[in-house]
Amino acid sequence: MSSPLQVFLKRKILYRALYFEWKLYIVIMVKYLVWFVFGLSMLAPGCGEEKGCTDPNSISYDPNAGEDDGSCSYPDQSRMFPLFFFTASNCASCGTFSFPIFQSYANQADGYIPVAVYALSQDSLFSAAGVNLQSGLNVQSIPSFAVANSSGLNTAAELSEAISTESDRTARIGMQGVRNQDEGEELSFTLRGYLHEEVEGTLLANVWVVQDQVSSPQEGIGPNHTHLYVLRAAGGSNAFGFEVSPDNGNRGQSFKLDLTIAKDSKWASGSLRFIAVVWSSSNGKYHFENAQIIR
């Protein structure tokens with residue numbers, strides 16, 4: 001017959017064994033519960049994931065989003081186009097004859113964007129981007145005007161007809177441009193585009209820096225002339241832009257371009273405007289697609 005002490009010791013051993021057995025059982029159950037919850041989360045990928053636009057062709061695409069929240073947006077088919085004035089400071093007829101025409105249209109600027117291009121290297125308002133545009137648009141004489149794809153215009157009547165023709169076109173490529181926070185000595189931009197129609201050839205996108213008012217001499221007017229909408233610079237070495245072609249030019253595709261432009265101390269920052277542009281290029285010729293003023 002066991003003594004009270006032996007009975008106590010046996011019970012203590014039994015209780016301790018049961019305690020460790022239940023502890024082990026709880027640990028195992030918690031482990032399986034964790035794996036079970038993890039498995040449920042894998043079966044329901046939208047649960048707990050970041051919400052946003054999941055369409056990579058949208059201008060609001062969020063690569064970190066796992067669940068679409070209906071926020072996808074696409075630029076519409078609104079369209080603006082450039083009105084170029086190819087001119088020079090040392091050209092008398094540029095000041096006496098062509099500038100008043102340009103000024104009258106620049107003051108209207110209804111659906112188009114005035115841009116004055118100084119492409120002669122000896123000109124104080126010269127820009128390399130201007131030389132590039134003059135060559136690419138096959139501009140043969142100064143002064144003259146160009147509207148999008150129509151160059152060699154010399155009179156107000158020709159200008160009005162070209163503006164009317166371009167105003168009737170819809171955009172094959174919608175676009176949106178954003179000016180990012182300035183990075184030291186550089187201006188930073190992000191451009192997004194969306195193909196509403198099929199576009200053949202290579203797509204090019206860029207940003208132009210235009211200064212609205214520049215005080216500088218103009219032959220034919222005087223030493224204190226106010227030059228309007230002067231093209232100062234463009235991103236890269238080609239004013240028409242950087243290649244942004246999707247895998248193909250099918251409708252519904254999109255593109256994104258990040259670019260920077262070096263600042264110049266000659267520019268008055270308060271009078272600058274930034275123009276986002278898209279061109280298509282085929283067989284060595286440029287075809288204007290769309291433009292937008294970056295706010």
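Just so it is clear, none of the values below were taken in a lab; they were calculated from the coordinates. These figures come from a predicted structure and were not determined experimentally. When we count neighbours, we look across all protein chains shown, and the Cβ atoms used for this are built from the backbone with ideal geometry, even at glycine.
Report the paramagnetic label zone for S135: residues of the range 202-242 whose backbone N is under 11 Å from a point 7 Å from Cα along the Cα-to-Cβ axis.
238-239
Students often get this wrong: which residues of the range 254-273 have the backbone nitrogen under 18 Å from the point 7 angstrom along Cα-to-C-beta of N57?
From the range 254-273, the list is 254-257.
At 0.36 nm per residue, minus the direct Cα-Cα distance, what do S245 and N90 gain on full extension? Give it in nm, one decimal, please.
Here the segment from S245 to N90 would lengthen by 51.8 nm.
Excluding D69 itself, calculate the net charge of residues whose Cβ lies under 11 Å from the Cβ of D69, where each Lys or Arg counts +1 and each Asp or Glu counts -1.
Combined, the nearby Lys, Arg, Asp and Glu give -4.
Provide the FRET efficiency to the nearest 0.05 for the D264-D182 pair, computing r from the beta carbons and using R0 = 22 Å.
For D264 and D182, the calculated efficiency is 0.95.
Work out how much length E200 to A156 would gain on full extension: take 0.36 nm times their residue separation and subtract the Cα-Cα distance, in nm to one decimal.
Extra length from E200 to A156 when fully extended: 12.6 nm.
Would you list L228, L203 from fewest to most Cβ contacts within 10 Å?
In increasing order of surrounding Cβ atoms, one gets L228, L203.
Name the residue from F126, S216, T202 whose Cα lies farthest towards the positive end of the charge dipole of the range 81-294, charges +1 on Cβ of Lys and Arg and -1 on Cβ of Asp and Glu.
Toward the positive end, the furthest listed residue is S216.
For H227, what residues show an amide H to amide H distance below 5 Å, using hydrogens built from the backbone and excluding near sequence neighbours?
For H227, whose amide H was placed from the backbone, the distant partners under 5 Å are V214, S215, S216.
Residue by residue through the range 271-280, what is 3J(HN,Hα) from phi via Karplus (6.51 cos²θ - 1.76 cosθ + 1.60, θ = phi - 60°)? Round to whole Hz and write x for glycine and proline.
Along the range 271-280, the couplings run 10, 8, 10, 10, 10, 8, 9, 10, 10, 10 Hz.
May I have the extent of the alpha carbons of the range 81-294 along their three principal axes, as whole Å values ordered from largest to smallest?
52, 43, 29
In whole Å, what is the distance between the alpha-carbon centres of the range 192-210 and the range 279-295?
Centre-to-centre (Cα) distance: 6 Å.
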